[in-house]
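The values are calculated or read from the model by the stated rules, or taken from the named source; none is laboratory data. Source: prediction; values computed, not measured. Cβ coordinates were reconstructed from backbone atoms using ideal geometry, including for glycine residues, and neighbour counts include every protein chain displayed. Ligands, DNA and RNA are excluded from the accessible area calculation, which covers all protein heavy atoms including side chains. Shrake-Rupley method; radii C 1.70, N 1.55, O 1.52, S 1.80 Å.
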Amino acid sequence: MSVWDDVVGQEQAVAQFQRAASPEGSLAQAWLITGPPGSGRSTAARAFAATLQCEHATGCGACQACRTVLANTHPDATVVATDKLSISKDDVRALVLTAQRAPATGRHRVIVVEDADRMSAGTFNVLLKSIEEPPPATVWMLCAPSAEDLAPTIRSRCRLVTLAVPSAQVVAELLVRRNDVEPQLAERSARAAQGHIGLALRYATQEGALDAREESARTLLGLRGAGEAVLAAQALVERATAEAKTHADAVAEEDRAAFMRSAGIEDGKVPPSLRSQMKQLEEDAKRRQTRLVRDVLDRYLLDAHSVLRDVLSVQIGSGGEMVNPGVEAEIRRAAGTGEGRITLGLLEAVQEARARIAGNVPPLLAIEALLARVAVSQR
């Protein structure tokens with residue numbers, strides 16, 4: 001077993017990491033790992049971190065260093081992951097202080113920042129000096145969808161590694177090997193996830209997730225008027241909000257319980273001196289829910305994009321394999337009643353809706369506008 005076993009479809013990137021980690025390699029002290037959602041940026045960064053700490057310098061996966069890095073318990077490997085809207089300056093200042101410390105047991109002090117694109121321009125400035133002049137044993141790893149998501153001053157000081165979208169075949173093989181998923185379900189889930197490993201796992205293991213995705217596709221292709229579009233948009237946003245709230249509430253409860261334990265509070269009454277910290281936890285929970293709603297809706301929009309792309313593929317006769325074979329009949333029906341140029345415009349509208357939601361346009365307005373356009377095109 002190797003720490004690289006779960007980094008699938010990234011042979012070129014893995015080879016680059018392994019060369020850098022080898023005794024004769026050239027190890028940069030700041031890395032920028034980019035790739036589309038689900039490509040395995042965080043998995044690759046953790047595997048690289050484990051390799052740097054590995055007792056055999058290979059990422060063997062068996063030694064104490066490898067196991068503790070992957071379990072997030074190694075004293076010299078710090079992984080920052082956030083489900084909030086942004087990574088704050090205070091969070092980064094704490095990382096900068098950590099970066100200054102010499103390794104306690106390993107060869108390196110490794111800091112992995114997942115979703116580094118969630119830093120603001122001001123936050124990047126806090127990070128800049130540590131990236132420019134890190135201590136000799138410190139290695140930074142920043143993960144983001146693309147290099148353009150980071151400030152030019154940051155990305156110019158990092159060695160760039162770009163991950164590809166793994167094929168459905170290798171994702172399916174991973175699900176079968178790692179999660180013991182039945183091969184046919186693994187293939188169906190991997191194709192629906194379009195290379196997103198996390199989504200593929202969700203479709204394969206969460207009961208009803210794949211069926212719900214296909215039902216959403218049928219609803220999209222069945223819209224026939226503005227009224228239907230408005231109702232569908234409202235139902236979608238309500239479902240996304242409920243899903244996000246369930247998760248956010250669970251995390252908030254865990255955070256609150258941990259805070260109470262650390263403060264030694266047993267009766268549930270927060271003293272005045274700690275109320276500001278409790279308020280901060282509540283605000284973090286609200287931001288987390290906002291982010292999760294956006295993530296759920298973006299997942300839906302990516303699914304809608306794949307459905308419309310299948311429609312366009314049929315219309316132009318490309319002969320490509322469908323991403324959504326479970327709704328093939330509906331896709332062919334939509335292709336036969338529409339035109340390629342209109343479908344192409346709808347694909348652009350999906351990307352525009354994604355950009356609007358990311359730009360803080362109220363999600364309901366963005367989804368309504370998109371679905372109304374789809375409905376009008378299918379009359």
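Some notes on this structure:
- Ranked packing of 259-265, 156-162, most packed first, by mean Cβ within 10 Å: 156-162, 259-265
- Sum of side-chain charges, VAL350 neighbourhood, beta-carbon under 14 Å (Lys, Arg +1; Asp, Glu -1): -1
- Ligands, DNA and RNA left out, the accessible area of the stretch 189-337 computed with a 1.4 Å probe is 51% carbon and sulfur.
- Global geometry of the stretch 148-245, whether rounded, prolate or oblate, following the gyration tensor of its Cα atoms and the 1.5 cut on a/c: oblate
- Scattering from the stretch 68-175 was approximated by placing one identical point on each alpha carbon and applying the Debye formula without solvent; log10 I(q)/I(0) at 0.12, 0.14, 0.17, 0.21 1/Å stands at -0.46, -0.61, -0.86, -1.18.
- Using the Cβ-Cβ distance between LEU97 and ALA369 with R0 = 51 Å, the FRET efficiency computed as 1/(1 + (r/R0)^6) comes to roughly 0.65.
- Considering only alpha-carbon pairs that sit under 8 angstrom and 6 or more positions apart, the relative contact order computed for the chain is 17 percent.
- The residues neighbouring VAL69, those whose beta-carbon lies less than 13 Å from its own, together hold a net charge of +2 under the Lys/Arg +1, Asp/Glu -1 convention.
- The residues of the chain expose, per residue, 49 Å² of accessible area to a 1.4 Å probe.
- When the inverse distances between all different Cα atoms of the chain are averaged and flipped, the Kirkwood radius reads 22.9 angstrom.
- Counted charge near ALA13, where neighbours are those whose Cβ lies closer than 13 Å (Asp, Glu -1; Lys, Arg +1): +2
- Within the accessible surface of the stretch 1-85, defined with a 1.4 Å probe on protein heavy atoms only, the carbon and sulfur portion equals 51 percent.
- Ranked by how many other beta carbons lie within 10 Å on average, peptides 296-303, 93-100 from highest: 296-303, 93-100
- A Cβ-based charge dipole, computed about the Cα centre of the chain with Lys and Arg at +1 and Asp and Glu at -1, lands at about 760 debye.
- Three principal axis extents of the stretch 1-154 based on alpha-carbon atoms, in descending order, are 41, 34, 28 Å.
- The stretch 225-379: C-alpha gyration tensor shape, a/c 1.5 cut-off, then a/b vs b/c: prolate
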